[in-house]
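The structure appears below as structure tokens.
The values are calculated or read from the model by the stated rules, or taken from the named source; none is laboratory data. Since the structure is predicted, the reported quantities are computational estimates derived from the model, not experimental observations. Virtual Cβ from ideal backbone geometry, glycine too; neighbours counted across all protein chains shown. Accessible surface is based on the protein model in full, side chains and every heavy atom, while ligands, DNA and RNA are left aside. Shrake-Rupley method; radii C 1.70, N 1.55, O 1.52, S 1.80 Å.
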Amino acid sequence: MAERGGTVWLSTPPRSFQLGVNYRLHGGIVRCAHSVIGLIRQFWPYAIDILAEEKGIIDGPKPVFFTGWDTDTVSYEQFLFGNSRTRIEFGAQQCILVRDDSAREKLRKEVGDVGLIMTLYESKGLEFDDVLLFNFFEDSTVDASQWRVILNTMEEGERCKIPTPRFDATRHAGVCSELKILYTAITCARKNMWIVDRSVRAEPMRLLWKSKSLVQICAPGAAVPQLAVSSTPEEWEKSGRNLFEHKQYIQAIHCFKRAGLEREVLVANAYHLRQLACSHPLKTPTRSQAFLATAEAFIDCARTAHYDRENLKHIYLKNVAESYVHAGDDPKAAKAFQDACEFTLAAQHYSKASLFDEAVEVIRAHRGEMSEPVASQIVHLARLFYVKENRLGNAIKLFSSPEEGLEFIEHYDLDNARAALLEKMGRVAEAAEVHLTEGRPLEAIRLFLSDRESAHSISRGKQCLLAALRQQTSFGGASSTSDGAKNVVPRLLNLVNDVFLEDTERDEILMFSAFNSRDWAKMLQLGKKFGNHNPAAALFCLDFFFTTLPKIQVSSRQEVGATLQTFLLYAQLLANTARHKDPCGTSSIRKLFNFDMSDQMVVVKPGTFLHDSLLHYGTTFRDDDCGSLVTIPDFLVLFKRALAHRLSTRVQSENELCRKARALQPCLQEAVLGSCSTTECDKDHLPGTSFTPDSYNELVRLHLLQISIFHTVHFVQLPNHIREEQFAFWLGRLYQVVHPPHYLLGHPSDLNWHSIPEADTGRKIVTTWLRHLLYALDPGSATTSNFLPVASQAASLMFLVAPNTAHEIITRAPFVNVPCPPRQLIRPVTNEYIIHDLLGFLNDHAHESISAGVLFLRHVLSNELPIHVDVLCDYMDHLCAAIVIYRKYERSLTLHGITLPRGWLVTILARFDKLVSRDTSLMWVFETLMEEILGHLFARDHLYFDGRRLADCGGRIRNIFIDRIFRSMCLLGYNVGDPRLRNQILKGINSLRIHDRPLSMMCYRYVNATRWEDLARCVRIPSRDSKPEELIQLYDFSKRREEPPKELIGVRLVGFKTIEELKVPKFHESVVETSNLQAEPTAFVPRRISPLSMDLNTVAECPGVPVDIPQEDGSDVLDQADPDEVEQTMDNQDMEYHTNSEGDTRDTYSEQHVQAARTLQVIFRRTRSKHRKAPRLGLPSARAQIFSAYLDASQHMIWPENYYRLLFLGPLPHIVLCLEQSQAHIQTSKQKAKKRLKSAEHQELDEVSEQLTKLNMLLQVVNRLSKALEPKSDLHIRRNPAELVAHVLEVRTLVEQLPNDKKQALRDDLALGLKGIVQEVGSPKEDQARVRR
């Protein structure tokens, strides 16, 4: 025993004891019940506590067991009615017990409403004076064979020869349960216990009780005791209240009815209905309907309650409220709670029903009677609800001031309400910024533009308007995919009606308006206007316009020129954008393509051109609320690839149309012959008189434009065969334009680069293409139609567009320096490579240039190598002019008397060098070659024109080239003046007549000539259906005679004093107009000569034309040739001639070039390796960026000791990575919570509010730690390791609150940071000692 504080405590533990006397029941019932316990104890000792046998305080009658009756003999009336045959019922303290509800219903049908009939389950815990146990064994689930197991407790002689089964605990477990129920039923009776059962299952128990004399057997014929007795109303009331307290409401109703208590019947019925309602499954319509009925029942109870018992009425009303709660009707429940003066519950359920007006009203009226925490929470939820629903008037009433409301709204990031409240407070600009931040540009712009007193707001509004329009209409015509996006653009455009705009702003607004209305012409106009000063807007307009390409294949030349010029601008803008070095850092590109930057990631918006490309090219990305997140390296690849594909697709489509454009292909037959015989000719049919130098240069310009357009895709990975095919096609077309197949279409001398704005760029591109084409040539295909035709055309073009570098570029080409050229390209005897002959001829700087050209032509014709016939004719014209000019100057040191077409003279004299003579000894060979070509035009297949064999082009085309060759032959004879040469030419031309070749009328003029004078007239005077080519006769003033020279028909005299005066782009005034040439001649306008419409027989009839045409024997024009100097003929086949006089042309590079190439190679490999090794996604990329940032910062910091620097560059970035990832997760969770708050039901407001509060607190911690640990923070200047450890531990706490997957991802980084900082950093004293050291 111990004493503490005046109190005595017993140290011995309390002792338990057993109550062995039953004070409720008498001995007869107790002994019968104990026999049941004995059976359980004997067979199932583990199923019951082992207690001493109970004894009744007094003895009493044994239970009566009615047996022997069956359906024929039993008469219930004998013990249910009295002797007078007057029906009575069981009294208030009597009860009939049955197995279950079905047994009760069955009994009621048989005997009626005789009294209390309860199931065994309902009777548990109740006591009655008299109990009738009806058919307990008959309704048992245990069969008779199992019940017989209890007979094993009897002596064998007492069993009446009834077989008993062997006890099995599992098999007979049901008997144990039945015995326990039987015990409960027996102990319900205080005075009399009657057992009525006529089934076989009852026999084992009856025999057992009979053998132990525990029951009284009542058989048929014996005196039946009277069971039913009557009770007074007071007894019924007492019994009813007892049953009510034990929640036996049905029996209580029965009792109250017998007692005549109607109000108590209503109350018991209401509780009974509630009990039934609770038995229905949760969340089912039947349960709700049952509780609604219960609520109505309790309402009736409340109505009948006495006025002096207000507390009881409140109880009923509370039950009404609770019933409505279970029924899911919160508004009615709240009203009932309010009527029951349960104001806390009323406010809670008003809040739950989203009836915050009523909830707030209850709180205002009864806050002193409510739970303060609940009231505060409901007010808080009401604030959230009102703000969320934009009911600011109600919300403001719950705050002490608007500023407090604004602070509340900002805490929960309720931006709609915040903007509305700011607008209501007059802070319009701030409200607009909130709308803008939350993606509501319409509202933001409206507010900005409505703030007319603020110039900043107006400017900001216009900026936002343009930005919103760009977001809705980004590059490619892609529009926003958000709801109502189709109506956004018109609404945005309507906002700007009354706003003053600058010119650039107005143009952009017009651009979006034109886009919205699909005004193609306006978009084209604006695209041109924007041009290069606003490339983003220009690209947007032109990309939209060229979504459908114009039909340039049938457009006029002027229309094609305008289209190509605009398309070139578009292609260049698109190519420059695709190759931009930093599209992510360029604001205009971000706006144009509608993408943003976020934490070193690119956010690609859904529905945009780049987002579609993202899916198309399978780029790695992850979805976010704002769009698709892509790493910067992946985005750069995607950006270039997508734009390059768009550029390539557009350019190739335009290129195919342009290849078929009629305006770029004048019809040769129509221009020269006046008609076209080709069925469905796809070329432009223009008369020969329509071709002028201006049209010639315009056609050259169009081809340069198209070449420049296709060149914009040079960085795109096109297949080589496609690229080379396009190069060859357009360069071939350019050659035909620059070197037309007939003089009527123009001449290279008409080419004026200065009149072509795109000439400089175009020439550079053509040079690049030619270099690529030449360097890809394979001499092994010499016999095919690809090698020599391409080589000759490309080389000629190269000398035209890049005359200063052409020879150097071509001589470096592999096909020029091939060690073993094909046999077909080797001249016999001298074994010279004919490509060297060609280059020597085109370069035209050596003494052997003319001879090289002649030998090249002879080898091509002798071996029938494939070549273009127009190229051959161009070479022949050039050789003819060169032979005439150089031969004349070599013999007389003057050019006096030469008569050649103006274009020939311009071409040769522009490069004429009187210090370097030319070998013209192969003139006779050249003449013979021209005759040979005439035969090849009819009988050979190695000549090509316009991409086809000449034989397939038709006789009209062939006749055009025959006329051209005739003219060259005649001009040669006209200027040389050698009778033998002229006779040879006459015979060669007449040979076509002998062989009866099919010729045109213009060719018959030559073929039908019988003497040289006829051919001379053909040269000077064109046919009646063509315009003449101007022939120039040079007149040397130093050889001037006393009489002025005669002017011949079709020939214009041009005088000169020195040859240098002739090296001008064009010839000027004729000698008959003035006798003196100016030192600085003025621009020449050629004198038009009308086409002659008469033949030679009518020339004398024309006024102004001399009747006697002078004989052209050379005496008036050229000095007579010396017969001794006549050239050798073609019999001299073995002459040796070397054209490779320029020295070795192999590629030679200086050591500086080699070193530069090696440096570029090393840089390229390092960059590519670095790019491949760079982390591209997820944590590795973020980790690398953080380490890079800390490394950069460390290079600008002073480190007095190395230890903190190791922490700064080692473990700290790992901790910062964990912090950033935690921040990202918290921000994402906050965005989700905010999104949930906007759509949350009123029941979820409390939960979401708590979540947002927690997340805001975590973000505050994260922001504080981020500022403390950033590379340039003061912490790293102080270098306090203990402070650093504290921050790292806070980061660990944050990481531990992350989800498991996030936590696992950061596990290694966190472990490295903790190990390097927390575990390694010692106490502050140790740190100070380390610093001192």
Can you list the residues, at least 5 places off or on another chain, whose amide H is less than 5 Å from the amide H of residue 22, using H built in the peptide plane?
55, 56, 57
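Contour minus end-to-end for residue 442 and residue 1164, with contour as 0.36 nm per residue of separation and end-to-end as the Cα-Cα distance?
255.0 nm
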Work out from phi, with θ = phi - 60° and the Karplus expression 6.51 cos²θ - 1.76 cosθ + 1.60, the ³J(HN,Hα) of each residue of region 171-188, listed in order in whole Hz, and give x for Gly and Pro.
5, 9, 5, x, 5, 4, 5, 5, 5, 5, 5, 4, 4, 4, 5, 5, 7, 7
Can you tell me which lysines have their Cα less than 24 Å from the Cα of residue 462? Leave out same-chain residues fewer than eight positions away.
424, 486, 522, 528, 529, 591, 605
Once you list every other residue whose beta carbon is under 12 Å from the beta carbon of residue 25, what net charge do they have if Lys and Arg are +1 and Asp and Glu are -1?
+1
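What part of the accessible area of region 674-751, given as a whole %, is carbon or sulfur when the probe is 1.4 angstrom?
Details: 1530 of 2920 Å².
In region 674-751, the share of accessible area belonging to carbon and sulfur is 52 percent.
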With a ≥ b ≥ c from the Cα gyration tensor eigenvalues, square-rooted, and the rule rounded for a/c under 1.5, otherwise prolate when a/b > b/c and oblate otherwise, region 717-774 is oblate
Provide the FRET efficiency to the nearest 0.05 for the residue 714-residue 1253 pair, computing r from the beta carbons and using R0 = 45 Å.
0.15
Region 811-912 - accessible surface per residue (Å², probe 1.4 Å)
27
For the pair residue 376 and residue 57, the simple spin-label estimate (label points 7 Å beyond Cα toward Cβ) gives in nm 5.7
Any idea what Rg and Dmax come out to for region 822-961 if you just take the C-alpha atoms, in Å?
15.8, 47
Quick one: dipole size for region 844-954, taken about the Cα centre, charges +1 on Lys/Arg Cβ and -1 on Asp/Glu Cβ, in debye to the nearest 20.
400
Just to confirm a number: summing +1 for Lys and Arg and -1 for Asp and Glu over residues other than residue 59 whose beta-carbon lies under 13 angstrom from that of residue 59, what do you get?
+4
At q = 0.13 Å⁻¹, the log10 of I(q)/I(0) for region 1195-1322 from a Debye sum over equal Cα scatterers comes to -0.58
I'd like the accessible area for residue 555: 1.4 Å probe, protein heavy atoms, all chains in place, Å² to the nearest 10.
20
Zone of residue 1305 (label point 7 Å along Cα→Cβ, backbone N under 13 Å): which residues in region 1223-1254?
1223-1229
Of 520, 924, which has the most accessible area with a 1.4 Å probe, and how do the rest follow in descending order?
520, 924
What number comes out for the charge environment of residue 501, summing +1 per Lys or Arg and -1 per Asp or Glu over other residues with Cβ under 11 Å away?
-4
Once you have a ≥ b ≥ c as the square roots of the Cα gyration tensor eigenvalues for region 648-771, tell me rounded if a/c is under 1.5, and otherwise prolate or oblate according to whether a/b is larger than b/c.
oblate
Keeping every protein chain in place, order 563, 547, 170 by accessible area at 1.4 Å, biggest value first, i.e. largest first.
170, 547, 563
Given a Förster distance of 35 Å, report the FRET efficiency between residue 786 and residue 547 from their Cβ-Cβ distance, rounded to the nearest 0.05.
0.40
With all protein chains modelled, accessible area of residue 210 [1.4 Å, Å²]
120
If you count only protein heavy atoms with a 1.4 Å probe, what accessible area per residue comes out for region 383-486, rounded to a whole Å²?
46
Apply the Karplus parameterisation 6.51 cos²θ - 1.76 cosθ + 1.60, with θ equal to phi minus 60°, to every residue of region 420-431 and state each ³J(HN,Hα) to the nearest whole Hz, in sequence, with x for glycine and proline.
5, 5, 4, 5, 5, 7, x, 8, 5, 4, 5, 4
Potential extension, residue 754-residue 232 segment - 0.36 nm per residue separation minus Cα distance:
174.6 nm
If amide H atoms are built 1.01 Å from N in the plane of the peptide, which residues on other chains or at least 5 residues away come under 5 Å of the amide H of residue 1035?
897, 1054, 1055, 1056
If ligands, DNA and RNA are left out, what is the accessible area of residue 617 with a 1.4 Å probe, given in Å² to the nearest 10?
50
Distance in nm between residue 817 and residue 893 label points, each 7 Å along Cα→Cβ, equals 4.3
Inter-label distance for residue 690 and residue 456, nm, one decimal - labels placed 7 Å from Cα along Cα-to-Cβ
6.5
Stretch gain in nm, segment residue 645-residue 941, where the contour uses 0.36 nm per residue and the Cα spacing is subtracted
102.4 nm
May I ask you to derive the FRET efficiency for residue 168 and residue 200 from their Cβ-Cβ distance with R0 = 30 Å, giving the value to the nearest 0.05?
0.90
